[in-house]
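Okay, so here's the structure we're looking at.
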Amino acid sequence: MSSEGFDVQYVARLAHLELGKDEASRFSGQLGDILKYMEKLRQLDVDGVEPTMHGHGRTNAFREDVPVQSVDQDLFLSNAPERTGDEYRLPKIVEDA
Amino acid sequence: MKYIATIGLETHVQLKTRTKMFCSCLLRTGDEPNTNVCPVCMGYPGALPVMNRQAVKFTVMAGMALGCDIPRRSAFDRKNYFYPDMAKDYQISQNGAPLCIGGGVEIALPDGSPKFVRINHIHLEEDAAKINHYARHSGIDFNRGGTPLMEIVGEPDLSSADETIAYLEALKELLVYVGVSDCNLEEGNMRSDVNISVRPEGQSALGTKVEIKNMNTFKGIHAAIEYEVARQIDLLNHGGAVVQETRRWDGELGETQSMRGKENAHDYRYFPEPDLVPVELDEETIAEWRAEVPELPRARRARMMSEYGLPEYDAGVIAADKACADFFEKAARAAAPVPGKTVSNWFMTEVLRLVGEGGGDISSCALAPEALAELLRLLDAGTINGPTAKELLPELFEKGGMPKAIVDARGLGQVSDASALQSLVDAAVAANPKSVADFKAGKKAAAGFFVGQVMKASKGKADPKLVGRLVAETLSKL
Amino acid sequence: MEFKDWTVASAAEAMRKGEISSVELVRALVAEKNARDGDIQAYLTFDEDGAIAAASEADSRRAAGDTSPLLGIPVAVKDLINVRGQPCTCASKILEGYVSPYDATVIARLKAAGAVCAGRVNMDEFAMGSSTENSAFKTTRNPHDLSRVPGGSSGGSAAAVAGGEAVCALGTDTGGSIRQPASFCGIVGFKPTYGRVSRYGVTAFASSLDQVGPMTKTVEDSALLAQALFGADPHDGTTALNPVPDFASALRGASLKGLRIGLPREYFVPGTAPEVTEIVKAAIGKCADAGAEIVDVSLPHTEYAMAVYYIVAPAEASANLARFDGVRYGHRSAKSDDVMSLYCRSRAEGFGQEVKRRIILGTYVLSSGYYDAYYGRAQRVRTLIRRDFDSAFGKVDFLLTPVAPTPAFKVGELQDPLSMYLNDLFTIPASLAGLPAISVPAGATAAGLPVGVQFIAPSFADAPLLACARAFEDTLA
């Protein structure tokens, strides 16, 4: 574990965040410090230790397959930054994934 | 040089639940855009997913039908990627602990020999929303977003387009049979990513693989594989190298195209979904769900051959469709002692013809299996004759009802009274001296004429066998 | 009585007796807010018409015989909790213009109990911060010294209550965001056991850590709110199925006598401001005087908690905040001509510095090749931290610790992210272990800055924890 090779612009692209040059170099320094601080975790032997997710051990939080009428769609569509009719509008997507 | 193709599929199957994977929104095609939505499937701040029990059950049942191991513990993960059809910009999927592991499906090779295609695992996730493309913009409809999607990850055990289609058809037959998906290809219920590589014969290391994404139709998949295998072989033959990449199939041009230039560095940053607790299946639940997995076509085919004495062909046709097989078995059991073969003859020639003409399916017609059984029992007992039975069937198919009641009400019962029929024979002989002369002159076919006359006189109700005998006797005495 | 002196319990009692109506209480709140909030800057929005309507409905319910303890009580809501028809900005520009289509479960429960949820209070953007300076809209001030921060991230909640502009408030706590501002502002802040309170409708920061909790003037008020907030929720599978305790009976006759209170030695180390240490020591003395047995304990993995937290929380946040993309709601950059730039620019324009920093950090620790070293390891160390608590609670009933190493600091004083993060040193471990913890006022510095102490209890010992805190409160009276 090392902060070496921490390419802030690569990570920003993964996170879909546009970073200015100043911002990028500031973050690079700050996050470098933080990652260095985190290296202390290397001191610990965690072999065979189970990870913790939630404090409690609940399982199988299911719901039954019964439809519930959605609340008025207008409340959702009125939040759209841009819409066309009843669809959320986007710039034209050229290629389908 | 000869090349061997290696093909592996990741097949996404939409499950036939009423509601979405993680919220209670109705799943229904054809609704106005963005009407079946809620904070959860719209990725609203604060919304949380809750697992649809039926979707988990369907996936496990599919796994059982495919011979998978069902681990006692399973969990969901977040797969992070930005795309506007994924409302949260991550997909809830399963990475580390899927619901089903292993298993596979048997297909028949062209020479008839069987081949087992292994499955690596099956996991459950949520489907993306629909993006519509217009001249100047794109629009998103989230109605479909969040449909439960089962991903069947196959091993690269396939070596041709034909094998691939056989595998997909086998999967489809099975999943429809188990009742977990409609597998309607046009609706996109079943979509595959196909991984293809080629290597020279004799080389053990696999070649560089190319992935063709998101294909629906079997025809398209077949064509895409044929094209892609040929393209790769051609490349290698000309000293080129296959580039590991994702390609798309252009059905109109009939070629695969590179998707280079698209966001290529995929780093999904999987981590355990903290909004969901693990799935833990106890023995009791597993046993309960296993009991709901129906007998599968292959086993059923074999059983129907031995239980009803059907030829392999009949059993194969009937067992391939669960509704047909269920109908047939009900009818055959109720029809005893009428032989199963008789039932399958009537079912396959008459009933399935009517189904085909009606354009519907066996489960939506008015004909009850018990009615077919009763009809065949009446026929077998000689209460009605064949033509009457054939005449009654379309009516039962359209309107329903039980044949015996109709036969009684309309007096359609077969006339098997020899003395009554003898008088009709005598009348026919008396009325047609020319035909008698023909018979005497050696035209044996004239006998058929008399049978026809008697049947006509009896309004079709006479027992044709008995009439034939009486006619023959009467003519021979002349 | 002046508005600033009302507690949930006293206001409810006065309303029951007919001394004041809910509508009058709400009008008094609005007047007080208008008078004070220019200085304190706690509120982001207040739906006055909605508040009056809800209050008058509460008055009708009371007239019809309803005696719910929260009937007609106004509750200030941290601006990341959805209330139908209200904004929910999370103090971020990226959610400007967003109107919520739904009630969070905690809001639905409060409304059902007759509470009035109309005021929305400031916070650090997406709950990331310890000073409320990271709000995109305003800097909330500490009512005890306007040059100082109220703490954070639930700084608006704490300042509104402490400043006499709210009777009580909801906060959220991920690594100390209820407890630290409560300590800075001199009020009670209670973070329940993880899973006690539904997170449905509460904008997620770090899903495995976030809990909603009450921020109130008294422990009794926290108990009254907790009674309404607690319980499993079909919309949140991470809520626990444990039965909801009866807080009123738990608090009746609460006493410190015979309780074993542990002092984790890792929490009493140099680096804590001397005045804070003094006040905490005095609090320990009061507990001992009241009959508690004081026991030294050790939580050996404490020193790793901050590193774990700043891996786990940003990792989860990086995914939780992906949805703010300018597609379905919120800010969309005007300067985008394709989907990729729409994402990258909308997010660049919408998020503040601290949020961006944590998204980058969280994205990095989950990225290919680093997962095992960071996130995977952190979740394992989290287990070690939980085990520390398990073994300490084998010896003691509760732990007593400082809440934060310092009293409220000056606005603008902490510039370096790492030194800001150190504020949460004493609150993070209980969060990582999912334990209930509470900050209770314990005194003030010479300059008059409040300082609280933290009590931590075993999982699901929420009611005994409040009883202990209630008894401690008595020792100060």
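The values are calculated or read from the model by the stated rules, or taken from the named source; none is laboratory data. Given the structure is predicted, the values throughout are model-derived calculations rather than measurements. Heads up, the Cβs are rebuilt from the backbone with ideal geometry, glycines too, and the neighbour counts pull from every protein chain shown. Side chains included, ligands, DNA and RNA excluded: accessible areas come from the protein's heavy atoms. Shrake-Rupley method; radii C 1.70, N 1.55, O 1.52, S 1.80 Å.
Here are the numbers for the structure shown:
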quantity: Verdict on B:A65 being crowded, with 17+ Cβ neighbours inside 10 Å, more than 30 Å from A:L77 (Cβ to Cβ) and at pLDDT 95 or above; calculated: yes
quantity: Selected residue (criterion: surrounded by the fewest Cβ atoms within 10 Å (Cβ to Cβ)) from residues of the range B:362-373 that are assigned to a helix (DSSP H, G or I) and modelled with pLDDT under 90; calculated: B:S364
quantity: Of residues in the range C:287-305 being within 8 Å of another protein chain (Cβ to nearest Cβ) and touching a residue at least 60 places away in the same chain (Cβ under 8 Å), the one least open to solvent (accessible area, probe 1.4 Å); calculated: C:Y304
quantity: Candidates B:L236, B:L185, filtered to the one that is over 30 Å from B:A62 (Cα atoms), at pLDDT below 95, buried (at least 16 other Cβ atoms within 10 Å of the Cβ) and not basic (K, R); calculated: B:L236
quantity: Some residue of the range A:11-22 being at pLDDT 90 or above, part of a loop (DSSP other than H, G, I, E, B), in contact with a Phe, Trp or Tyr (Cβ under 8 Å, 6 or more places away or on another chain) and closer than 30 Å to C:F460 by Cβ; calculated: no
quantity: Any pair with Cβ under 7 angstrom, 6 or more apart, that starts in the range C:327-339 at a residue that is closer than 10 Å to A:L90 by Cα and more than 7 Å from every other protein chain (Cβ to nearest Cβ) and ends at one that is open to solvent by 30 Å² or more (accessible area, probe 1.4 Å) and not in a loop (DSSP other than H, G, I, E, B); calculated: none
quantity: Selected residue (only one of B:D250, B:D275, B:D234 is acidic (D, E), touching a residue at least 40 places away in the same chain (Cβ under 8 Å) and in the same structural domain as B:R73 (by TED's automatic domain parsing)); calculated: B:D275
quantity: Selection within the range C:64-79 - open to solvent by less than 10 Å² (accessible area, probe 1.4 Å) and over 20 Å from C:D37 (Cα atoms); calculated: C:L70, C:L71, C:G72
quantity: Single unsatisfied condition, B:F328 versus (1) more than 30 Å from B:E211 (Cβ to Cβ); (2) open to solvent by less than 30 Å² (accessible area, probe 1.4 Å); (3) modelled with pLDDT under 90; (4) of a type outside the set (S, T, N, Q); calculated: (3)
quantity: Answer residue from the range B:379-388, given it is assigned to a helix (DSSP H, G or I) and under 14 Å from B:K459 (Cα atoms) and is most open to solvent (accessible area, probe 1.4 Å) among those; calculated: B:P387
quantity: Unmet requirement for C:G350, which otherwise passes all of (1) facing chain A (nearest Cβ under 7 Å); (2) touching a residue at least 60 places away in the same chain (Cβ under 8 Å); calculated: (1)
quantity: Scope the range C:259-271; condition open to solvent by 60 Å² or more (accessible area, probe 1.4 Å) and over 24 Å from the mean Cα position of the chain (by Cα); matching residues; calculated: C:R260, C:R265, C:V269, C:P270, C:G271
quantity: Among the residues listed as C:G171, C:G164, C:G114, the single one being open to solvent by less than 20 Å² (accessible area, probe 1.4 Å), part of a loop (DSSP other than H, G, I, E, B), more than 18 Å from C:G38 (Cβ to Cβ) and in contact (Cβ under 8 Å) with a residue 12 or more places away in the chain; calculated: C:G114
quantity: C:A136 being surrounded by fewer than 24 Cβ atoms within 10 Å (Cβ to Cβ) and farther than 30 Å from C:I20 by Cβ; calculated: yes
quantity: Condition check for B:G448: out of contact with any helix residue (DSSP H, G or I) (no Cβ under 6 Å at 6 or more places or on another chain), over 30 Å from B:V351 (Cα atoms), of a type in the set (G, A, S) and not assigned by TED's automatic domain parsing to the domain that holds B:D361; calculated: no
quantity: Some residue of the range B:348-361 being open to solvent by less than 50 Å² (accessible area, probe 1.4 Å) and either among the charged types (D, E, K, R) or more than 25 Å from B:D182 (Cβ to Cβ) (or both); calculated: yes
quantity: The range C:272-286, residues that are out of contact with any strand residue (DSSP E or B) (no Cβ under 8 Å at 6 or more places or on another chain), assigned to a helix (DSSP H, G or I) and open to solvent by less than 30 Å² (accessible area, probe 1.4 Å); calculated: C:G285
quantity: Flag for C:A392 being within 12 Å of chain A (Cβ to nearest Cβ), at negative phi and out of contact with any helix residue (DSSP H, G or I) (no Cβ under 7 Å at 6 or more places or on another chain); calculated: no
quantity: Strands (runs of 3 or more DSSP E) lying entirely in the range B:1-103 (those with 3 or more residues that are more than 14 Å from chain C (Cβ to nearest Cβ)); calculated: B:3-14
quantity: Yes/no for B:P71 being crowded, with 24+ Cβ neighbours inside 10 Å and either assigned by TED's automatic domain parsing to the domain that holds B:V105 or closer than 24 Å to C:F205 by Cβ (or both); calculated: no
quantity: Checklist (1) surrounded by 14 or more Cβ atoms within 10 Å (Cβ to Cβ); (2) in a loop (DSSP other than H, G, I, E, B); (3) out of contact with any Lys or Arg (no Cβ under 6 Å at 6 or more places or on another chain) applied to B:V277, failing item; calculated: (3)
quantity: Residue within the range C:354-369 that is more than 7 Å from every other protein chain (Cβ to nearest Cβ), open to solvent by 40 Å² or more (accessible area, probe 1.4 Å), assigned to a loop (DSSP other than H, G, I, E, B) and without any contact (Cβ under 8 Å) to a residue 12 or more places away in the chain present; calculated: yes
quantity: Those helices (runs of 4 or more DSSP H) lying entirely in the range B:390-478 with at least 2 residues of a type in the set (G, A, S) and open to solvent by 70 Å² or more (accessible area, probe 1.4 Å); calculated: B:418-431
quantity: Search result, residues across the range C:417-449 that are more than 14 Å from chain A (Cβ to nearest Cβ), buried (at least 24 other Cβ atoms within 10 Å of the Cβ) and part of a strand (DSSP E or B); calculated: C:I438, C:S439, C:V440, C:P441, C:A442
quantity: Residue match in the range B:346-365 (condition: of a type in the set (S, T, Y) and over 21 Å from the mean Cα position of the chain (by Cα)); calculated: no
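Matching residues to (1) in contact with a Leu (Cβ under 9 Å, 6 or more places away or on another chain); (2) outside any helix (DSSP H, G or I); (3) facing chain C (nearest Cβ under 7 Å); (4) open to solvent by 50 Å² or more (accessible area, probe 1.4 Å):
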residue: A:A24; (1), (2), (3), (4): no, no, no, no
residue: A:S28; (1), (2), (3), (4): no, no, no, no
residue: A:L35; (1), (2), (3), (4): yes, no, no, no
residue: A:D47; (1), (2), (3), (4): no, yes, no, yes
residue: A:E50; (1), (2), (3), (4): no, yes, yes, yes
